[in-house]
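Below is one structure, written out as structure tokens; comments come after it.
The values are calculated or read from the model by the stated rules, or taken from the named source; none is laboratory data. Note that the structure is a prediction, hence the values are computed from the model and not measured. As a convention, Cβ positions derive from the backbone with ideal geometry for all residues, glycine included, and neighbour counts pool all protein chains shown. The area values use the complete protein model at the heavy-atom level, side chains included, leaving out ligands, DNA and RNA. Shrake-Rupley method; radii C 1.70, N 1.55, O 1.52, S 1.80 Å.
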Amino acid sequence: MGYVAVSGGAAAIENAEKFSFIRRAGGTSAVLHPEQIRDQLYLAVDRIMGEGSLYAPDLAALAFKQAAGDTFEAAFILRSYRTTLPRLGYSQALTTDIMRVTRRISAAFKDIPGGQILGPTPDYTLRLLDFDLLDESEEEMKERIDAFLRSLGTLPALPKTFPKVVEMLRREGLLVPRASVGEDVAEPIDITRQALTFPAPRSSQLQTLARGETGGLLALAYSNMRGYGSVHPVIGELRVGFLPILYHNPVNGGIEPVGEIQVTEAEVISRIPDGSGPAVFSLGYGLCFGHNETKAIAMAVLDRAISTDTPSAPSEDQEFILTHVDGIESMGFCNHYKLPHYVTFQSELDRLRTIQSGQQPSEKTPV
Amino acid sequence: MTSSSPSKPGATADWRSSIPSKRNRYSFAFLDEGAKREIRRKMLKAVAIPGCQIPFGSREMPIARGWGTGGLQLTLSLVGSDDILKVIDQGSDDSVNAVNIKKFVHRVTGVALTTDTSEATLIQTRHRIPEESLHHDQLLVFQVPIPEPLRLVEPSEQTTRRMHAEADYSRMWLYLFEDIVRFNEITVAARYPVMVNGRHLMDPSPIPRWDLAKLHRGEALFLFCAGREKRIYAVPPHTDVEPLSFEDFAFRTEDFNGRRCSRCGSTATYLDEMTDDQTGNKTHTCSDTAFCEKLRRRAPAEDPDQPRESDR
């Protein structure tokens with residue numbers, strides 16, 4: 001998508017930028033440091049990394065500061081930075097059962113092997129505006145945390161890994177693999193190097209959804225959950241945790257961990273009355289950077305929805321969904337309408353006036 | 001705090017002094033009196049038209065939409081200082097969500113709490129009806145995700161409202177019929193559509209089919225509320241509630257194939273299936289944990305493979 005450069009009024013544009021800077025930095029409050037954003041607004045940072053498609057918490061925090069809190073803008077800044085980075089290589093594919101888990105739950109079963117690990121979540125808190133946060137001080141926060149940790153004493157260690165709930169269903173023959181909508185390809189396709197075409201293979205589908213804007217994915221998935229579609233989801237397993245980046249060392253030929261990333265993974269089980277029949281469950285899969293459960297669940301529901309061979313709603317149309325979930329594209333295009341369009345509008349006026357003047361008085365359309 | 005130009009220091013201190021004190025922050029049961037009045041009037045209208053969904057001005061609550069805000073609004077509009085409240089989720093009093101809701105209601109009312117179904121005057125439930133029969137002094141409030149039974153066959157609210165007004169439920173009957181023709185089974189699991197008072201098709205909330213019989217000609221008042229979808233409906237006592245069924249293909253509940261609860265031995269309750277950590281074997285326990293506890297205290301399970309209470 002090419003945008004016509006705005007010309008003229010260069011001074012006005014410069015002033016707008018200065019005004020924007022004053023708007024962001026001209027208040028009476030203390031200067032915001034990116035570390036504060038990274039630590040205390042960590043969910044925004046995770047969302048921006050996922051939508052920016054670049055795992056870099058410090059940079060995402062900086063982008064969020066620069067964007068004065070606009071997540072679309074921050075993800076956009078990160079994507080733009082991503083363009084400047086050379087592609088060094090690809091990490092090894094791996095399975096997520098090796099995840100170092102901090103949170104792991106299943107809605108499908110009351111208890112699961114390994115247990116329901118709630119982890120850090122606000123799910124069960126009451127959303128009562130907490131005025132006590134106005135008076136938080138560093139010392140108080142530190143003391144509270146220290147006191148809590150002291151009170152725990154020694155705890156049994158968590159297992160290093162947890163078995164996958166969906167494996168249990170697979171062993172019982174209740175979960176079957178489903179056909180890909182597009183052609184199955186051996187190597188994953190990178191949609192940032194090779195534009196999406198339809199029907200899209202599974203790797204393109206998942207990559208597009210993983211980079212999708214959280215709110216957009218949510219609205220579309222919600223439409224399906226509410227009835228504009230056939231997915232009746234149950235969360236087989238939701239995990240938040242860390243996966244290693246395994247890299248093939250070109251010098252000694254070994255596979256080495258070069259770091260780790262935090263991800264959220266959702267496996268959604270659904271019984272869909274399409275070609276697979278009503279007697280089996282099939283899987284919807286969601287995975288995204290950082291801690292972002294809403295996105296992972298929405299992604300999993302949409303993954304299943306658009307894989308059907310009998311779409312019954314827009315949320316089940318693969319092309320419709322994959323074309324409209326990228327936040328940088330959608331936000332850019334939405335806002336592009338602010339650019340001058342007077343040339344095209346003049347052309348429209350010309351058509352309107354010509355048609356109206358050519359009409360008989362009795363045929364004139366009331367304005 | 002920021003404005004278009006740097007503001008004078010000290011000007012921002014004022015708003016903090018208008019935060020209400022902890023004592024006066026919320027009215028009894030959190031909702032303001034106007035909200036309670038509206039919800040109560042809508043409940044009365046719902047009782048007057050059994051099974052009919054009544055729209056209401058659903059408020060945002062401190063728990064998320066989809067987590068029981070509907071049930072919570074009814075409970076908060078009904079609760080009085082002399083009530084005894086029980087809250088369950090999937091049949092269990094200990095589920096995190098039930099505990100959270102219970103804590104909140106207690107926090108804003110001071111109401112007495114119980115896990116004993118027979119002792120409770122007001123019960124809020126997510127997706128189960130307690131195994132013990134309820135009596136005429138009890139209220140059962142259901143959390144409802146999707147109040148519209150016809151949503152399975154029609155996504156548009158405008159259309160389903162007309163279908164209810166005209167008592168035109170043919171598309172639901174057709175859906176069930178086609179299930180039978182294609183799969184020789186009705187595939188609807190929970191949220192099975194029921195006909196109330198011979199007039200309105202109703203969504204009983206995602207309770208299992210096992211629980212539907214308890215709605216029929218019960219003694220207690222059943223109140224249903226969907227907070228996100230903003231609908232209230234009710235089944236008064238002694239009202240007919242009949243699951244859609246064909247003369248030659250009868251409605252069937254879940255079948256546990258003679259399995260029993262490994263804790264109390266019951267074969268007459270709805271069971272939860274769990275897989276053992278170590279052995280990989282499946283065990284079953286009562287979904288209604290409070291009832292299971294009652295049965296255990298009377299007569300522990302006689303399964304020789306299970307340790308008895310005295311052996312623990």
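Quick rundown of the values:
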quantity: Residues being of a type in the set (F, W, Y), open to solvent by 40 Å² or more (accessible area, probe 1.4 Å) and not in a loop (DSSP other than H, G, I, E, B) - total across the stretch B:253-297; calculated: 0
quantity: Enumeration of residues in the stretch B:38-70 that are open to solvent by less than 60 Å² (accessible area, probe 1.4 Å) and without any contact (Cβ under 8 Å) to a residue 60 or more places away in the chain; calculated: B:E38, B:P62, B:I63, B:A64
quantity: Qualifying residue in the stretch B:72-82 (condition: surrounded by 23 or more Cβ atoms within 10 Å (Cβ to Cβ) and within 12 Å of chain A (Cβ to nearest Cβ)); calculated: yes
quantity: Tally, over the stretch B:161-207, of residues that are touching a His at 6+ places or on another chain (Cβ under 8 Å) and within 27 Å of B:F256 (Cβ to Cβ); calculated: 4
quantity: Single match in A:F345, A:F333 (criterion: loosely packed, with under 13 Cβ neighbours inside 10 Å, of a type in the set (F, W, Y), part of a helix (DSSP H, G or I) and in contact (Cβ under 8 Å) with a residue 24 or more places away in the chain); calculated: A:F333
quantity: Sole exception among (1) of a type in the set (S, T, N, Q); (2) at negative phi; (3) under 19 Å from the mean Cα position of the chain (by Cα) for B:S205, by number; calculated: (2)
quantity: Only one of A:F109, A:F148 that is away from chain B (no Cβ under 13 Å), under 30 Å from B:F104 (Cβ atoms) and among the aromatic types (F, W, Y); calculated: A:F148
quantity: Per-region count, the stretch A:75-106, residues within 14 Å of chain B (Cβ to nearest Cβ) and hydroxyl-bearing (S, T, Y); calculated: 1
quantity: Answer from A:L133, A:L59, A:L41, A:L118 - the residue that is more than 30 Å from A:L283 (Cβ to Cβ) and within 14 Å of chain B (Cβ to nearest Cβ); calculated: A:L133
quantity: The stretch A:151-179, residues that are in a loop (DSSP other than H, G, I, E, B) and within 14 Å of another protein chain (Cβ to nearest Cβ); calculated: A:P156, A:L158, A:P159, A:T161, A:F162, A:P163, A:K164, A:E172, A:L174
quantity: Evaluation of A:A93 against (1) at pLDDT below 95; (2) aliphatic (A, V, I, L, M); (3) assigned to a helix (DSSP H, G or I) (one fails), failing number; calculated: (3)
quantity: Listing of helices (runs of 4 or more DSSP H) fully contained in the stretch B:92-193 that carry 2 or more residues being open to solvent by less than 30 Å² (accessible area, probe 1.4 Å) and away from every other protein chain (no Cβ under 13 Å); calculated: B:157-165
quantity: Conditions (1) surrounded by fewer than 13 Cβ atoms within 10 Å (Cβ to Cβ); (2) of a type outside the set (D, E); (3) over 19 Å from A:Y42 (Cβ atoms); number of the one not met by A:P120; calculated: (3)
quantity: Yes/no for A:I355 being at pLDDT 90 or above, among the β-branched types (V, I, T) and more than 30 Å from A:F281 (Cα to Cα); calculated: no
quantity: Given (1) of a type in the set (A, V, I, L, M, F, W, C); (2) closer than 30 Å to A:E237 by Cβ; (3) over 18 Å from the mean Cα position of the chain (by Cα), index of the condition A:F345 fails; calculated: (2)
quantity: Top-ranked residue in the stretch B:273-302 [being in contact (Cβ under 8 Å) with a residue 24 or more places away in the chain and within 14 Å of chain A (Cβ to nearest Cβ); ranked as farthest from the chain's Cα centre (by Cα)]; calculated: B:H284
quantity: Complete set of residues in the stretch A:139-166 that are open to solvent by 50 Å² or more (accessible area, probe 1.4 Å) and touching a residue at least 24 places away in the same chain (Cβ under 8 Å); calculated: A:L158, A:P159, A:K160, A:T161, A:P163
quantity: The stretch A:266-292, residues that are at pLDDT 95 or above and farther than 15 Å from A:P233 by Cα; calculated: A:L287, A:C288, A:F289, A:G290, A:H291, A:N292
quantity: Count of residues meeting criterion [open to solvent by less than 40 Å² (accessible area, probe 1.4 Å) and either closer than 22 Å to A:T294 by Cβ or modelled with pLDDT under 90 (or both)] in the stretch A:191-205; calculated: 1
quantity: Qualifying residues in the stretch B:52-62 (those that are in a loop (DSSP other than H, G, I, E, B) and touching a Lys or Arg at 6+ places or on another chain (Cβ under 7 Å)) - the one farthest from the other protein chains (Cβ to nearest Cβ); calculated: B:F56
quantity: Test: residue in the stretch A:313-321 that is among the hydrophobic types (A, V, I, L, M, F, W, C), closer than 30 Å to A:D123 by Cα and either without any contact (Cβ under 8 Å) to a residue 24 or more places away in the chain or in a helix (DSSP H, G or I) (or both); calculated: yes
